[in-house]
Every structure is written in C-alpha cells, then in structure tokens.
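Trainee: This is the structure I have questions about; it appears just below.
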Amino acid sequence: MGCCLSKNGDSKASRIGRWKSTGIVALRDSKLKAFPDEVLDLDTSVRTLDLTHNRLVDIPMEISKLINMQRLILADNLIERLPMNLGKLQSLKVMTLDGNQVTTLPDELGMLVRLERLSISGNLLTCLPETIGSLRNLLLLNVSNNKLKCLPESVGSCFSLEELQANDNSIEDIPASFCNLIHLKSLCLNNNNINQIPPNLLKDCKALQNISLHDNPISMDQFQQMEGFQAFETRRKKKFDKQIDSNVMISSKGLDEGVDQ
C-alpha cells in the first residue's frame, strides 16, 4: 500500500515538474469534474492549458492567477458560465470553448486585448457583449451553432478580423459596421435568416475572398447585383486557382459561390 502511494506521489510530482518546465498543462479526456487545484497553484508557469473533453461545469475565479497563460482550451465540457474576472488573463491569445453550455459572455471579455482567436461554437449564446469590439487583435471569431439573433455593431471595430464563422444561428442581418473590416477574408453565415447584407460590404471589404450564405432568404441575384461583386468574384477565383496550383485538398465549402441559387 505504502509503495503504491509513493509511486503515485512520485508520478504527481513528476507531472507537476513537467508542467512547470514546459508551461503546457494537457489533461484531455481525464474525466475531470472540477478544476484541478494543482494547476491553479502553478500561477505564472502556465502558458497553455488544455482541459478538452472532461466534465467541467464551472471555471473558478482563481483562474485569474494564471496571468501568463496564452492558450486556454476548454472544448467539450459542461461549462455554463465564465468567471467575471476573466479579463485579468491579459496574456491570453487563444480561447476555445466549443461544445459547452455557455449562455452568455461577460463584458470583461473585452479586456482580453491580446486575444487573436475566440471559438465558442456549439453553445447556447443568445447575444454577444458589445465589448467584443475592444478585441482589436482578434483574427478569428467562431460563434457557429448558437442561438444568436444578431451580431453587435461593435464587431465592426475588430479591425484585425480575418475570419468570422456564425453558421447555424438565427441571425437576421449583418451590421453596416462590418464594412470596416478591411482585413476580412472569410465570412460564413450559412443557415441563418439573412435576407440582405450591407450594400457596400463587397466594395469596402477588399480582402474578402469567401462569403457563404447558404440556407438564407437572400438570393443569388441580389448578391450578384451588389457593388463590388465583380472584384470579389475575381479575388475568389484567384484564391481557388492558387489552391488548385498548390494541390490543396478543397472541400465543397471551399469552392463556395456565396449563396443558394
């Protein structure tokens, strides 16, 4: 018995030592129901925390101690809410919360000014906080498969945004502020309730190469008559040709014409 305890103790000490030296804490598929205290005790050592596919319901307030954490991966858990002091994680660049039960995001999300990738698909969100517009370094926003009826105007202030995925929601329109997203390359809004998009979107978003609006009320004719359509079509075909030249495997969604005909 004592031997087994010693062995387990050595194993735990070894694991914590490895976490400290690498900065990477990976506890995928560990059947965790509570946030591990030994991880919180690491404080500034943690750079990446991956707790994918566990049974976590809550994220403790003490997570704010992990001030050097850059990647927080919590996909496929049972998380219902995020702590209000989330904004203290000022080093965070990647946050993945896909496949949880989150109903709302705290306003403090806007304090994560270094965030580059935010993915929270497959949750129960009904709205996004206006403070999301403070995420000026955000490159990817994935809010697909939620219960969103709209996207806030403030998303147009995420000036670095290159990819927005909001498929499978109940979104009715695209804010005019999206025309400010001059770095936007891909806009995916399949299976929503959109019947029109801002008239200047294709003209002003000069980096846009892919727009996907399948299973929405908008028609192909409406789309083709928009100012800037021909320039957009040229960019889309150029991207496609480049992919073919590079022998890249392309899915059917990769060869997107934009909307249903």
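The values are calculated or read from the model by the stated rules, or taken from the named source; none is laboratory data. The structure displayed is predicted, hence computed values, not measured ones. Quick reminder, even Gly has a Cβ in these numbers, built from the backbone with ideal geometry, and neighbours come from all protein chains shown.
Trainee: Identify the single condition in (1) more than 16 Å from the chain's Cα centre (by Cα); (2) surrounded by fewer than 18 Cβ atoms within 10 Å (Cβ to Cβ) that residue 87 does not satisfy, given that it satisfies every other one.
Mentor: (2)
Trainee: Residues of segment 188-209 being touching a strand residue (DSSP E or B) at 6+ places or on another chain (Cβ under 9 Å) and within 14 Å of residue 229 (Cβ to Cβ), which ones?
Mentor: 197, 201, 202, 205, 208, 209 - these are the residues of segment 188-209 that are touching a strand residue (DSSP E or B) at 6+ places or on another chain (Cβ under 9 Å) and within 14 Å of residue 229 (Cβ to Cβ).
Trainee: Next question. Of everything in segment 144-177, what is in a helix (DSSP H, G or I) and not small (Gly, Ala, Ser)? Give them in sequence order.
Mentor: Residues satisfying the conditions are 153, 155.
Trainee: Are any residues in segment 163-187 polar (S, T, N, Q) and out of contact with any strand residue (DSSP E or B) (no Cβ under 8 Å at 6 or more places or on another chain), and if so, which ones?
Mentor: Hits for segment 163-187 are 169, 170, 177, 180.
Trainee: Next question. Looking at (1) under 18 Å from residue 89 (Cβ atoms); (2) surrounded by 16 or more Cβ atoms within 10 Å (Cβ to Cβ), which one does residue 53 not meet, given that it meets all the others?
Mentor: (1)
Trainee: Here's another thing I want to ask about it. If you check residue 28 against the conditions, is it basic (Lys, Arg), at pLDDT 95 or above and surrounded by 17 or more Cβ atoms within 10 Å (Cβ to Cβ)?
Mentor: For residue 28, the condition - basic (Lys, Arg), at pLDDT 95 or above and surrounded by 17 or more Cβ atoms within 10 Å (Cβ to Cβ) - is not met.
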